[in-house]
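The values are calculated or read from the model by the stated rules, or taken from the named source; none is laboratory data. Computed from a predicted structure; not experimentally measured. When we count neighbours, we look across all protein chains shown, and the Cβ atoms used for this are built from the backbone with ideal geometry, even at glycine. Side chains included, ligands, DNA and RNA excluded: accessible areas come from the protein's heavy atoms. Shrake-Rupley method; radii C 1.70, N 1.55, O 1.52, S 1.80 Å.
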Amino acid sequence: MTQPGFFKQPTPMTLGEVAALTGAELADPTRASQVVSATATLDRAGPKDLAFFDKRKYGDELHHSHAGACFVSASLQAEVPPRIAVLRVARPYEAFVEVARALYADTLRPASTFGNEGIAESAIVHPDALLEDGVVIDPLAVIGPDVEIGTGTVIGAGAVIGAGVKIGRNCSIGPGCSILHCYIGNDVIIHPGCRIGQDGYGFVSGPKGHRKVPQHGRVLIQNDVEIGAGTTVDRGALRDTVIGEGTKIDNLVQIGHNVVIGRRCIIVSQSGVAGSSTLGDGAVLGARVGVSDHATIGAGSMLAARSSVVGEVPANVKWGGSPAKPIKQFFRELFEVERLGREGLNGGKSKPPRASEEG
Amino acid sequence: MTQPGFFKQPTPMTLGEVAALTGAELADPTRASQVVSATATLDRAGPKDLAFFDKRKYGDELHHSHAGACFVSASLQAEVPPRIAVLRVARPYEAFVEVARALYADTLRPASTFGNEGIAESAIVHPDALLEDGVVIDPLAVIGPDVEIGTGTVIGAGAVIGAGVKIGRNCSIGPGCSILHCYIGNDVIIHPGCRIGQDGYGFVSGPKGHRKVPQHGRVLIQNDVEIGAGTTVDRGALRDTVIGEGTKIDNLVQIGHNVVIGRRCIIVSQSGVAGSSTLGDGAVLGARVGVSDHATIGAGSMLAARSSVVGEVPANVKWGGSPAKPIKQFFRELFEVERLGREGLNGGKSKPPRASEEG
Amino acid sequence: MTQPGFFKQPTPMTLGEVAALTGAELADPTRASQVVSATATLDRAGPKDLAFFDKRKYGDELHHSHAGACFVSASLQAEVPPRIAVLRVARPYEAFVEVARALYADTLRPASTFGNEGIAESAIVHPDALLEDGVVIDPLAVIGPDVEIGTGTVIGAGAVIGAGVKIGRNCSIGPGCSILHCYIGNDVIIHPGCRIGQDGYGFVSGPKGHRKVPQHGRVLIQNDVEIGAGTTVDRGALRDTVIGEGTKIDNLVQIGHNVVIGRRCIIVSQSGVAGSSTLGDGAVLGARVGVSDHATIGAGSMLAARSSVVGEVPANVKWGGSPAKPIKQFFRELFEVERLGREGLNGGKSKPPRASEEG
């Protein structure tokens, strides 16, 4: 265990148990009773640690590793020094994660930051709120009227759950979040400092200035969603903002009003989706992607980091650039612009610019 | 009412009242006593709902709509099926918003998330703070010494108002905000989790490392400003950071120290304005725009989404790109680069790049 | 003092003291007993204020300035009107900052927002937390079990310090921060609303959806680090996330899991560093830079604003663009693309695009 203090000491497993859990084959069956008590990378692992090896470029780390055992694919098995027990499996990293999930089961959902059980005395719970048994409310959380919270859910310290919000079972709402005008399913994780359900950005501009458009929709967050720290999700204006089942959103992402995000989408950090846009099931936004308002991204499509979407992206494509286009076309443009910079528009005879700082 | 639970049931209006409020003409005056009790989009509206129709492309939704009444311009009036009462008006969407503002008046300024009136018992109010009658302080807010707050203002749960801050009347400060070194006018809305008035980013770098430059200005927020969730506004270093009257800022925007933003500006989400820059009245930054430090954007100018500004942008222009330039020039460059990617610098004879993932 | 109310009235200094502190030479030694009581820019300074003049373009402001004294380099000294006392020094701005640091020493580290000393009665401190004497805990902060905090450190109102976190001496943790799974050195400033130490974004995707990868590393923040408002730093997954001594991070920055940032780095606002990337000592990221995962930036290298890094950047270079490349090459590309837009690929005979709004 290399990081003491922040989780429970795992219960060790035998390599036999590890093989049974992951479907891996233990190359030397006489080592079935050897135990591992933690997972670690090859360079940090000790004799009681389980590692994985899935890329030849980490061969050096493998050869110097003190790991007790290692997941490896059949094609790379010959590389493993004999001191390390070999667990042969088609997808070494996935097997490694499976064991980590078993060893560190307590890290799969953030727990009370206060070591708390039940409802902290200092939390402010409105008398009209309805909490099932087994809800954990950390100190100084605020639970408004008509809130309902299901068993197994943890509300972090200082979080604010506004009037009428419903939260399902086995959820985790991080410290300092505010959750307003929102219905949340089961097994949802919302990391610290998220802002869910406040007004979206809607104005009618005229000679009197910008007049506020009423925002009276909700936010619906389906089961098994995870939302990263500091992310903002606005309530709908006329309809609801929806985040589909199993979707995972990273930190500091902005989701505008009326946006509908499908199931099992991936939205990487600092991306933004403007009002009334739609992502189909399984869509992927790389880091820092911008989606403009009223855009549509088809199911299963992937947008490369930093791209920006206007209008419609078909299903099951890989696009990039700004405005986004098929990834091959985007790379071709990058290539040709690089060449243009090198050779110049008229064969290198153009005058070079003065280098000055951009900012 | 399609989203129960998060606002008061509106008081119905007759079409006669709707016409009077908006200046619309009721095509069939015999329907003046017909009532509407909500606003909705054409596809979601029922017989008691009021909708609007302003673009031919929504014709299908109009023809299948169950709306009781509909704002429409004279030129599109003929499209409306006879079952739907016609309200003829020059700007249908604006009239629709006007009615929504009347029906959902309680949503125009965020209220207590706790259903609270007066000062929550659990709030911590310094004895030297001065609160007018009619201030609402939600649970667990912290009000520092020498703070002054005007009547009608709501301070959200867990918000922190630092020493000496002045807040005017009829403002809303969202849950979990921190407001420091700041003077705020009347009718200001600050959404949850904003960070206003902390130190800006100022260092003098030398052999001893980066030495902090004292930040001792304020933030001045004028009347009728709205600031989106999670936005950060730094206090001035040597002068004040100013946000002008009627300016509307979206979520996750960064405003650096000493920035002066004019009146009625629009700053869309995830944009950033670096230290000591100035925006003239009515300037518009689309989403994800970056303005470098000591830049100037003239009054009434618009920057397209994702553009980045260095130096000076004149007044009343439309610019885009990075660095920003006149929008036509920017589109011309996009067009030519796309063509270059297609045709290649030497007529398509250049070798195509290998497509590899950007990240 | 132009901004009353938010800091202590400085104790005036004589010009003799100013010269001694900064190594400047007072041009007219008979003015050694003249006092200054504040620092200000030339255009705002009065007779008791000290200013600086380091760029000819501010000559107008100098000639009309009411400043009592002014730092100036030898080469510009002749410009200063005789009513202003001249302090000759090689680096006028740095000398000016040095005096500001002396006059406004109380602004160098954010203090209690509540005018508080000791531990506020309303703070929730776990009985197993260990606070040295001289710690200041503002109202409604939450201090978890096994937390340790060193003397001189201020914990802001509503901040949440999770179980087991260690914080050194003379630190400032801003209002509304959450600090989890984290060890923090001395003299660290974390501005309001930062999210430190929550889970990073790690999933294994398969037919069952996206399965969470346990995140059980820590965040290590070394001495003299400053982190801007609303920034997020994720805990490590298998190893620790590290922020090196003297590094300064601006607002709304995202630091992913396992990232290792060297000493004295500069990371300007709205930048993001994805998981497992490394920045060498003294690396500089301009505003809105994106660094993809598993990238490496060499010591002393600078990335221009808005650039994006994939793979490896060598040490001591200046790169820009997306993907980032040597800055001269980047500027050359900008220049040639601008020319291409003007002249067209085939000498201006291509058809111009229709200008339409990007979004």
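Each residue in the stretch B:100-120 was checked for being surrounded by fewer than 19 Cβ atoms within 10 Å (Cβ to Cβ) and assigned to a helix (DSSP H, G or I), and 4 pass. Taking the stretch C:129-229 as the region of interest, the strands (runs of 3 or more DSSP E) fully inside it that hold 3 or more residues being within 30 Å of residue A:265 (Cβ to Cβ) are C:203-206, C:209-212.
Rundown of residues vs (1) of a type outside the set (S, T, N, Q); (2) surrounded by fewer than 21 Cβ atoms within 10 Å (Cβ to Cβ), yes/no style:
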position	(1), (2)
C:11	no, yes
C:21	yes, yes
C:24	yes, no
C:27	yes, yes
C:39	no, no
C:44	yes, yes
C:48	yes, yes
C:52	yes, no
C:55	yes, yes
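For the stretch C:303-312, the tally of residues that are in contact (Cβ under 8 Å) with a residue 24 or more places away in the chain and surrounded by fewer than 24 Cβ atoms within 10 Å (Cβ to Cβ) stands at 1.
Could you grab me the full set of residues in the stretch A:253-264 that are crowded, with 24+ Cβ neighbours inside 10 Å and part of a loop (DSSP other than H, G, I, E, B)?
Those that are crowded, with 24+ Cβ neighbours inside 10 Å and part of a loop (DSSP other than H, G, I, E, B): A:253, A:256, A:257, A:258, A:259.
For residue B:250, the requirement of being in contact with a Phe, Trp or Tyr (Cβ under 6 Å, 6 or more places away or on another chain), in the same structural domain as residue B:197 (by TED's automatic domain parsing) and surrounded by 24 or more Cβ atoms within 10 Å (Cβ to Cβ) is met. Could you grab me the full set of residues in the stretch C:78-92 that are surrounded by 21 or more Cβ atoms within 10 Å (Cβ to Cβ) and under 16 Å from residue C:59 (Cβ atoms)? Once the filter is applied, which keeps residues that are surrounded by 21 or more Cβ atoms within 10 Å (Cβ to Cβ) and under 16 Å from residue C:59 (Cβ atoms), the stretch C:78-92 yields C:80, C:84, C:86, C:92.
If the condition is being among the β-branched types (Val, Ile, Thr) and either free of Cβ contacts under 8 Å to residues at least 12 places away in the same chain or away from chain B (no Cβ under 14 Å) (or both), then the stretch C:220-258 contributes C:221, C:233, C:241, C:242, C:255.
Does residue C:290 count as farther than 28 Å from residue C:198 by Cβ, crowded, with 21+ Cβ neighbours inside 10 Å, modelled with pLDDT of 95 or more and within 11 Å of another protein chain (Cβ to nearest Cβ)? No; evaluated as a whole, the condition is false for this residue.
Determine whether the stretch B:144-167 contains at least one residue that is surrounded by fewer than 24 Cβ atoms within 10 Å (Cβ to Cβ), of a type outside the set (Gly, Ala, Ser) and away from chain C (no Cβ under 12 Å). Yes: the stretch B:144-167 contains one or more residues that are surrounded by fewer than 24 Cβ atoms within 10 Å (Cβ to Cβ), of a type outside the set (Gly, Ala, Ser) and away from chain C (no Cβ under 12 Å). Return a yes/no flag: does the stretch A:223-241 have any residue that is in contact with an Asp or Glu (Cβ under 8 Å, 6 or more places away or on another chain), over 17 Å from residue B:253 (Cα atoms) and surrounded by fewer than 23 Cβ atoms within 10 Å (Cβ to Cβ). The answer is yes; a qualifying residue exists.
For the stretch A:210-222, filtering for residues that are open to solvent by 10 Å² or more (accessible area, probe 1.4 Å) and in contact with a Gly (Cβ under 9 Å, 6 or more places away or on another chain) leaves 6.
Residues of the stretch A:127-143 that are surrounded by 19 or more Cβ atoms within 10 Å (Cβ to Cβ), away from chain B (no Cβ under 11 Å) and free of Cβ contacts under 8 Å to residues at least 24 places away in the same chain: A:131, A:135, A:137.
Between C:95, C:32, C:69, the distinction of being touching a residue at least 60 places away in the same chain (Cβ under 8 Å), in contact with a strand residue (DSSP E or B) (Cβ under 7 Å, 6 or more places away or on another chain) and surrounded by 15 or more Cβ atoms within 10 Å (Cβ to Cβ) belongs to C:95 only.
Is it the case that the stretch B:107-126 has a residue that's in contact with a helix residue (DSSP H, G or I) (Cβ under 8 Å, 6 or more places away or on another chain) and without any contact (Cβ under 8 Å) to a residue 60 or more places away in the chain? Yes, the conditions are met somewhere in the stretch B:107-126.
Considering only residues of the stretch B:293-302 that are of a type outside the set (Val, Ile, Thr) and open to solvent by 10 Å² or more (accessible area, probe 1.4 Å), which is farthest from the other protein chains (Cβ to nearest Cβ)?
B:298
Residues considered: C:282, C:275. Of these, the only one that is within 22 Å of residue C:186 (Cβ to Cβ), out of contact with any strand residue (DSSP E or B) (no Cβ under 6 Å at 6 or more places or on another chain) and not aromatic (Phe, Trp, Tyr) is C:282.
Restricting attention to the stretch B:66-98, the residues that are assigned to a loop (DSSP other than H, G, I, E, B) and more than 14 Å from every other protein chain (Cβ to nearest Cβ) add up to 8. Taken over the stretch A:172-195, the residue count meeting the criterion of being more than 10 Å from chain B (Cβ to nearest Cβ) and under 15 Å from the mean Cα position of the chain (by Cα) is 9. Among residues of the stretch A:270-285 being under 14 Å from the mean Cα position of the chain (by Cα) and open to solvent by less than 10 Å² (accessible area, probe 1.4 Å), the one that is nearest to the other protein chains (Cβ to nearest Cβ) is A:271. Being of a type outside the set (Phe, Trp, Tyr) and without any contact (Cβ under 8 Å) to a residue 40 or more places away in the chain is not true of residue B:24.
What is the one condition in (1) more than 9 Å from chain B (Cβ to nearest Cβ); (2) surrounded by fewer than 24 Cβ atoms within 10 Å (Cβ to Cβ); (3) over 23 Å from residue C:252 (Cβ atoms); (4) modelled with pLDDT of 95 or more that residue A:207 does not satisfy? Going through the list (1) more than 9 Å from chain B (Cβ to nearest Cβ); (2) surrounded by fewer than 24 Cβ atoms within 10 Å (Cβ to Cβ); (3) over 23 Å from residue C:252 (Cβ atoms); (4) modelled with pLDDT of 95 or more, residue A:207 breaks only (4).
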